[in-house]
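Coordinate-derived values only; no laboratory data. These figures come from a predicted structure and were not determined experimentally. Neighbour counts are summed over all protein chains in view; Cβ atoms, including those assigned to glycine, are modelled from backbone coordinates with ideal geometry.
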Amino acid sequence: MHYEGTIIRPPSEANSILLQITVGCSRNSCTFCGTYSGERFRIKSDAVIMDDIAFAAAHCRRQRRVFLCDGDALIVPQARLIRILEVIRSELPWVTRVGAYANAKSLKRKGIDELKELRRLGLGIVYMGLETGDDETLQGIHKGADSAEMIAMGRKAREAGFKLSITILLGIAGRDRSQLHARETGRVLTAIDPDYVGALSLMLIPGTPLYRDWQAGVFTLITPVEMLAELRTMLAETNLSQGLFHANHASNYLPIKARMPKDKTAILELIDRALAGELSLKPEFMRAL
């Protein structure tokens, strides 16, 4: 496989065939993210992509899912994306699902019929980084969309038939807006009603604008207990018709996994026990991105 730069994928795609069709991220301006620092976004050539699919056909017959890397594969022009999915279906007939990252920009650029066509060809799940439902924080971290646009694009993905997994980021609003960030994020998640919600806890990355703000005293990184309190409010304010709300990423201080809505009360009680000091939080040295 022809991998270039930094390859990232959701935790749930750990056992997937990682097919890199783009290098970097089409936006690459979020203040907290240093993944593609200095990397110019580009779409890989069809020849390289097809060669990697051929490699997967020969050597990856036990893997039943494909994940299209990197940061925003959905931005690829429709005709090229259709061709990639058609070849995956033809050359990897045992694959049951294809996944990709998406953002508000890429979802907005494709019409609902185009998205439905991608779904028909096997793109079964998209992962969308919401981070927060608080408009001021969204603007501050340069996400490129406000909460209304996030809701509209999340609903659009659901309407197209995709499974939708949304990532949120504990601590991203700093201390002053912590609880507002939690409530607004719950509001946006409820409005979108995704299949999966993944909560990560902020880890500052040297070299990023947010890290520099922290060094300058402009941004306050909240404590583990404050992050846990933020998670509690966020979960309390989130009402999903069904779906999984989890915070079991390596960055989190208290791993939780709630099947909504039936597990919500029990998990809130679990968080309350941790806030009361009855449960130990993950030590800092064990956290990871």
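Can you tell me which residue among ALA247, ALA229, ALA236 is over 19 Å from the mean Cα position of the chain (by Cα), in contact (Cβ under 8 Å) with a residue 24 or more places away in the chain and within 25 Å of ARG155 (Cβ to Cβ)? Step through it out loud before you land on a result.
Numbers: ALA247 fails: over 19 Å from the mean Cα position of the chain (by Cα); ALA229 fails: within 25 Å of ARG155 (Cβ to Cβ).
Matching residue, one of ALA247, ALA229, ALA236: ALA236.
I'm trying to understand the selection: among the residues of the range 131-176, which are closer than 19 Å to LEU228 by Cα, among the charged types (D, E, K, R) and assigned to a strand (DSSP E or B)?
GLU131
How many residues, within the range 251-289, are assigned to a helix (DSSP H, G or I), surrounded by 13 or more Cβ atoms within 10 Å (Cβ to Cβ) and aliphatic (A, V, I, L, M)? Working first, answer last.
Initial filter on the range 251-289 (assigned to a helix (DSSP H, G or I)): 264-275, 284-286.
So of that shortlist, the ones also surrounded by 13 or more Cβ atoms within 10 Å (Cβ to Cβ) come out as 264, 267-268, 270-272, 274-275.
Narrowing the set further to residues that are aliphatic (A, V, I, L, M) leaves 267-268, 270-271, 274-275.
Final tally of qualifying residues: 6.
Would you mention how many residues in the range 51-78 are part of a loop (DSSP other than H, G, I, E, B) and either closer than 15 Å to MET1 by Cβ or touching a Gly at 6+ places or on another chain (Cβ under 7 Å) (or both)? Working first, answer last.
From the range 51-78, those part of a loop (DSSP other than H, G, I, E, B) are 60-64, 70-72, 76-77; that's our starting set.
Add one more test, that the residue is either closer than 15 Å to MET1 by Cβ or touching a Gly at 6+ places or on another chain (Cβ under 7 Å) (or both), and what stays is 60-61, 63, 70-71.
So the count comes out to 5.
Given the condition buried (at least 22 other Cβ atoms within 10 Å of the Cβ), assigned to a loop (DSSP other than H, G, I, E, B), in contact with a helix residue (DSSP H, G or I) (Cβ under 9 Å, 6 or more places away or on another chain) and not polar (S, T, N, Q), answer yes or no: does some residue in the range 115-126 qualify? Don't jump to the end; show me each part of the working.
The initial filter retains those residues of the range 115-126 that are buried (at least 22 other Cβ atoms within 10 Å of the Cβ), namely 115, 118, 123, 125-126.
Pick out the ones that are also assigned to a loop (DSSP other than H, G, I, E, B) and you get none.
No: zero hits.
Would you pick out the residues in the range 178-194 that are in a loop (DSSP other than H, G, I, E, B) and among the acidic types (Asp, Glu)?
First, pick out the residues of the range 178-194 that are in a loop (DSSP other than H, G, I, E, B): 193-194.
Listed by number, the list holds a single entry, ASP193.
One line per residue, one yes/no per condition, for (1) farther than 24 Å from GLU278 by Cα; (2) aliphatic (A, V, I, L, M):
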| position | (1), (2) |
| --- | --- |
| ARG183 | yes, no |
| ILE192 | yes, yes |
| PRO206 | yes, no |
| GLN215 | yes, no |
| LEU244 | yes, yes |
| ALA250 | no, yes |
| PRO255 | no, no |
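Condition check ((1) surrounded by fewer than 22 Cβ atoms within 10 Å (Cβ to Cβ); (2) among the aliphatic types (A, V, I, L, M); (3) without any contact (Cβ under 8 Å) to a residue 60 or more places away in the chain) across all residues:
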| site | (1), (2), (3) |
| --- | --- |
| THR35 | yes, no, yes |
| GLY38 | yes, no, yes |
| ASP70 | no, no, no |
| LEU85 | yes, yes, yes |
| VAL98 | no, yes, yes |
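Can you confirm whether ALA79 is free of Cβ contacts under 8 Å to residues at least 12 places away in the same chain, out of contact with any helix residue (DSSP H, G or I) (no Cβ under 6 Å at 6 or more places or on another chain) and not polar (S, T, N, Q)?
Values: free of Cβ contacts under 8 Å to residues at least 12 places away in the same chain: yes; out of contact with any helix residue (DSSP H, G or I) (no Cβ under 6 Å at 6 or more places or on another chain): yes; not polar (S, T, N, Q): yes.
The answer is yes for ALA79.
Considering the range 228-247 alone, what residues qualify as being in a loop (DSSP other than H, G, I, E, B) and crowded, with 16+ Cβ neighbours inside 10 Å? It would help to see each step written out before you state the result.
First, the residues of the range 228-247 that are in a loop (DSSP other than H, G, I, E, B): 238-242, 247.
Matches in the range 228-247: THR238, LEU240, ALA247.
If VAL225 satisfies every condition in (1) surrounded by fewer than 15 Cβ atoms within 10 Å (Cβ to Cβ); (2) out of contact with any Pro (no Cβ under 8 Å at 6 or more places or on another chain); (3) not in a helix (DSSP H, G or I) but one, which is the exception?
If we test VAL225 against (1) surrounded by fewer than 15 Cβ atoms within 10 Å (Cβ to Cβ); (2) out of contact with any Pro (no Cβ under 8 Å at 6 or more places or on another chain); (3) not in a helix (DSSP H, G or I), just (3) comes out false.
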